[in-house]
Amino acid sequence: MDDKFYNRVGGDRISSRQIDELIGLARGLAADGSINKVEVEFLQKWLAANVEISDQPIVRTLYRRVNEILADGVLDADEHTELLDTLNSFSNRDFELGEVLKPTTLPLCNPPPHLTFEGRTYCFTGTFNYGQRKYCEQAITDRGGRAGSLTQNTDVLVIGAYATESWKHSSFGDKIFKATAWRDQGLPISIVAESHWVGFL
């Protein structure tokens with residue numbers, strides 16, 4: 001057998017061990033339902049040590065997200081909730097590693113609508129490949145739209161690429177249920193995937 005075969009198998013073994021370690025770490029950090037700055041910094045160090053040898057997109061995404069959270073030295077309430085959701089999902093092995101959630105399991109508009117921004121109101125839920133929620137919201141305001149909490153006046157709910165198979169039981173599932181109920185009642189709210197939204201930026 002050639003070197004390439006051994007390298008590939010060895011690489012697979014490293015990735016698998018990394019993911020198992022990260023799942024254990026995520027489980028430990030999220031166990032008490034809270035996460036503090038020291039714990040986020042510990043996670044950042046682990047990711048920094050592993051990101052170069054990992055071929056798992058979720059490891060890179062998580063590393064980028066943790067760096068963004070720590071950039072201003074403050075772990076705010078939104079960042080706390082978002083990171084805790086992500087770690088809980090990871091520790092439950094809800095992520096399809098290296099893939100995003102298959103959209104068929106989410107109540108997305110079909111066909112997906114044409115999106116505009118000027119004067120429109122957007123709400124974001126889930127974990128985004130694009131970046132932290134505040135960056136997603138900034139992309140909307142930069143284009144003349146509004147971004148904020150989900151209300152009956154929301155025009156578009158965008159669901160992050162790293163939503164999980166168990167979205168119905170996650171904290172952001174409430175927003176999806178609400179938006180779906182309002183849409184079923186005839187309110188003109190669109191529910192789209194992050195990938196669709198990014199296509200209009």
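The values are calculated or read from the model by the stated rules, or taken from the named source; none is laboratory data. Being a predicted model, the structure only gives us computed values, none of them experimental. Reconstructed Cβ throughout: ideal geometry from the backbone, glycine too, with neighbour counts over all protein chains shown. The protein model used for the area step is the full one, side chains on, heavy atoms only, and it has no ligands, DNA or RNA in it. Shrake-Rupley method; radii C 1.70, N 1.55, O 1.52, S 1.80 Å.
Numbers below:
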{"quantity": "So residue 28, is it in a helix (DSSP H, G or I) and at pLDDT below 65", "calculated": "no"}
{"quantity": "Residue within the range 58-74 that is open to solvent by 50 Å² or more (accessible area, probe 1.4 Å), closer than 28 Å to residue 124 by Cβ and modelled with pLDDT under 70 present", "calculated": "no"}
{"quantity": "Every pair of residues 6+ apart whose Cβ atoms lie under 7 Å, when the first sits in the range 132-146 and is closer than 22 Å to residue 70 by Cβ while the second is open to solvent by 90 Å² or more (accessible area, probe 1.4 Å) and not in a loop (DSSP other than H, G, I, E, B)", "calculated": "133/78"}
{"quantity": "Number of the condition not met by residue 35 [criteria: (1) open to solvent by 20 Å² or more (accessible area, probe 1.4 Å); (2) modelled with pLDDT of 80 or more; (3) not in a helix (DSSP H, G or I)]", "calculated": "(1)"}
{"quantity": "Tally of residues being farther than 25 Å from residue 89 by Cα and surrounded by fewer than 17 Cβ atoms within 10 Å (Cβ to Cβ) across the range 128-151", "calculated": "7"}
{"quantity": "Number of positions in the range 124-144 that are modelled with pLDDT of 95 or more and not in a helix (DSSP H, G or I)", "calculated": "3"}
